[in-house]
Amino acid sequence: MDNDSLRSSTLELNNSTINIIWAQADFSEMYQVLQKVTELKKNSADLVYVNSTNHRIILTISYLNTTPTLHLNDVDQESVEDLVAPDKYSYCHEVKPALHSGQTEACLSIKFGENYFDEETITVMVARILTHLHWKSMITFFENATAHNVGRILNRVNEIGLNHRTYNVDSLRNAEEIRSVLDLIHNEFTEGMANITLVCNLNCTRRILNEANKYDTLPVNFRRTALRDHTFWFVITELPNDLTDLTNASSVLDNVCVLNLNVTSSETVMDANGFIDKQTMFHQLENMTELVKITGSTNAVLALKNYSQSIFSPKSCRTYPVSTLMWKEYAGNGTPVLVREFENVGEVEINGKLSFHSKIFPNVDFGFNMRNLLVTTTWWPPFTERIQKEGKTVDYVGFCADLLDELANELNFTYTYTEPPDNEFGRIYPNRTWSGMIGQLERREVDLMVAGASIQGSRENVMDFTHPFYYDTTTILIKRPDPDENKMFTLAKPFKIEVIICIFFVLPVSAFLLFIIEKLSPYYKIHGPEGRQNYQTSFWYMFGALLTQGGESLPNSQSGRTMITFFWLFSIIMVATYSGNLIAFLTVTIDKPPFNSLEELVEQDEYKWGILSGTYFVTWFQETPFEILQKVWTGIKTFNETDPDVLHPDPNVHINKMYKEKYVYIGDKSYMEVRKANRCELVTATEEIPNMSYGVGLPNNSLYTKMFSDKILSLQEGGILQTFKQKHWPREEFCHGSLVAEAKEIRLIDVQAAFIVVGAGLALGTIVLFLEKIVKHLSHKFCVKKDHNPCTHIRTVPTMELELVGPDLNGISSGVYTIDECEIIPHINNGVHQTHSSDGYG
């Protein structure tokens, strides 16, 4: 008939009508055959019958889709019409994959490059799995023996837009050349995952996996590369029954999936040459016909579909196992032991149908897959504290220890602690290398740093930091001043020195102005000089007013009284303010630090200051562009010349110095909160510099930095980190007495200033008395009469008695009494002759 025509007819079969569509094609033209079969299947055919015995044609057609393709030229029509579908017939007779010591039995092996069927089967299965993986790019290793298979696979994956690059393993003559290829792969995928397909026989597969297995542990790559968990390996090979060989070759790699082409089954309808065994087929047909007659079913079409899928597939069971290298836990001596073994994750049929009960690469969800990481830390509460037994550190607790536990659980790794030999966080040596934990990461001696180490630009040059897990500030720790140290100055403390200076300035100036006002006031010209204030009177009056006591008399002039009124208001305000503050100073302990900022610290010369050596602060002060921080570092260097303890690496040394001398410790607030928690004598300054953030450290350019950062962000958003802080930060203590108000007994030392004032008054009064005596003595010695005639000392006479005789008192009537003449009668007293003086002086 015409090759381009399709004809149709109907067939009545046991009360069922079957529509039949057929067409003619030249079997020598494979494209024409495929075209006709495609047209038939587009018409929703349930079954395609191909009148040909060509094995290649039948298999090629069967791969077009899941519609069964049947060859029945050796089966007569009557046998077909008698077939009915069984109710519970398994159309494949397949042996489902069973786990047995890591081995899966399913089907006969498929060989690389054996025949068209093997090539097409491998191509279909591999292409379907690659499509399922959704890879965008792929690197393929192959050998000469599998080159034709790889070519067919790559032609198929080109249809799904998968970019690829190939390497012929036979051209890689030695291990160095294989490593160079792995270097290219690793450098190309520094942030993502490298997808690698390995299509090789067993020896070739073992050779590549062995080099990839030890790649990350090579001295040049140690803790620099991450090929282990940043690659996917899809291996297509012919494995022996025992998978141990391949397990050992790839035990380090996290993501290894194997499609095993060398599995066994005893059931087949294929002969030794790979062709259909007709006698076996007829035998199965007879058994199936008998089964159908017993069931009484009339659906012959379904029976034909089942039958065709059973006997015209290359194998009676058409699935091949896909296995992935996993961690398996076994009980060993009471302790679980983890080993690496291949575990079945699913099957693939030769027509490309997939059946997976797990991800092909499940390890990608398991983080580090139980890898043991070496973690460095150091003592620094509340972040890390040691648990010691018999002088040896057996474990760690604190904020960072809890953080590490959480990261290990989330990212699936175990860890071992270590500490830097010098117990430092990290500082730069003159040769530009680093000490402490930073140095360990720089030299790649450890995998991880989990400690209270601050993120710093210079450190980022030699290592990586994750997203911060804690933010901190820099502040000043100082011992509270002794409240009894300066009690003798209690009376002066209510006022600052500038207020006291102003008061002592206002008092004499105001007295002088009052004196001038009184002198210039016309009041005294009208009413006489009585009550006029001179400077001495004005000063003592105003001093009395300042003490709210006043003086003997007020000025009589209105101008003087006006000034005195406002001075009294000034005095009342000063006394009220002073009295209130004095009561507070006498009853409340003064615990104010002598300075509250770095500016105030560097301006004084009473206290020294220091920082912890080998920490962030050394680099911070050394490299800062800010003038105030430069002054702080200059002071530290100066103090260090005579006192090396100002840069001591042990914080306890700095704390002890505060108790022994006037010393200030500059550091991070979190540690200071721990140290002052139960020591009320320690206090921090009010100024805080928010300049620190702590992060987890990794070796430079680590591929795991983002992984850890994302997990820390997740813990932060979930509030987990806040619970760690609440758990390990000390509770705030009340160091200022009871919450209930209580009266405080005044001690002698509290009022010693008053006794000092009394003593000073007595001493000053005595001094003034002596000064008056001296002035009096000098005035008698150098006195001058009013008429400016000098006094003449005649002589010293003995004591004599004077007798007033016959006084003549005049002016009594006028109220004025004068003595005109006194007659002095001399007496001899004790034999001393007494003389008479006409002027009344002796």
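The values are calculated or read from the model by the stated rules, or taken from the named source; none is laboratory data. Not measured: the values here are computed from a predicted model. Here Cβ is always computed from backbone atoms with ideal geometry, including for glycine, and neighbour counts include all displayed protein chains. Only protein heavy atoms, including side chains, enter the accessible area calculation; ligands, DNA and RNA are left aside. Shrake-Rupley method; radii C 1.70, N 1.55, O 1.52, S 1.80 Å.
Worth pointing out:
Residues are listed down the side, and each one gets a yes or a no for (1) within 26 Å of residue 411 (Cβ to Cβ); (2) surrounded by fewer than 21 Cβ atoms within 10 Å (Cβ to Cβ); (3) in contact with a helix residue (DSSP H, G or I) (Cβ under 8 Å, 6 or more places away or on another chain):
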site	(1), (2), (3)
183	no, yes, no
191	yes, yes, yes
203	no, yes, no
208	no, no, yes
232	yes, no, yes
246	no, no, yes
251	yes, yes, yes
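- Taking region 705-748 as the range and being of a type in the set (Phe, Trp, Tyr) and modelled with pLDDT of 90 or more as the test, the residues that pass are 708, 724.
- When residue 154 is tested against (1) free of Cβ contacts under 8 Å to residues at least 24 places away in the same chain; (2) open to solvent by 30 Å² or more (accessible area, probe 1.4 Å), exactly one condition is not met: (2).
- For region 403-445, filtering for residues that are touching a helix residue (DSSP H, G or I) at 6+ places or on another chain (Cβ under 7 Å), hydroxyl-bearing (Ser, Thr, Tyr) and in contact (Cβ under 8 Å) with a residue 40 or more places away in the chain leaves 2.
- Look at (1) of a type outside the set (Gly, Ala, Ser); (2) modelled with pLDDT under 55; (3) part of a strand (DSSP E or B) and you find that residue 320 fails only one, number (2).
- For region 695-704, the condition holds for no residue, the condition being that it is touching a helix residue (DSSP H, G or I) at 6+ places or on another chain (Cβ under 7 Å) and within 29 Å of residue 480 (Cβ to Cβ).
- Residue 385 being charged (D, E, K, R) and touching a Leu at 6+ places or on another chain (Cβ under 9 Å): no
- Any hit, region 346-355, residues being more than 30 Å from residue 722 (Cβ to Cβ), open to solvent by 70 Å² or more (accessible area, probe 1.4 Å) and in a strand (DSSP E or B): no
- Failed criterion for residue 438 (all others in (1) closer than 21 Å to residue 621 by Cβ; (2) of a type in the set (A, V, I, L, M); (3) surrounded by fewer than 16 Cβ atoms within 10 Å (Cβ to Cβ) hold): (3)
- Any hit, region 547-556, residues being polar (S, T, N, Q) and farther than 22 Å from residue 505 by Cα: yes
- Among residues of region 464-483, those that are in contact with a helix residue (DSSP H, G or I) (Cβ under 6 Å, 6 or more places away or on another chain) and either in a loop (DSSP other than H, G, I, E, B) or over 29 Å from residue 598 (Cβ atoms) (or both), counted: 4
- Of all the residues in region 632-679, those that are assigned to a loop (DSSP other than H, G, I, E, B) and in contact (Cβ under 8 Å) with a residue 60 or more places away in the chain number 2.
- Residues in region 153-171 that are out of contact with any Asp or Glu (no Cβ under 6 Å at 6 or more places or on another chain) and assigned to a helix (DSSP H, G or I): 153, 154, 155, 156, 157, 158, 171.
- Cβ-Cβ contacts under 8 Å between residues 6 or more apart (or on different chains), taken from a first residue in region 367-380 that is part of a loop (DSSP other than H, G, I, E, B) to a second residue that is among the aliphatic types (A, V, I, L, M) and open to solvent by 50 Å² or more (accessible area, probe 1.4 Å), are listed as 367/707; 370/338.
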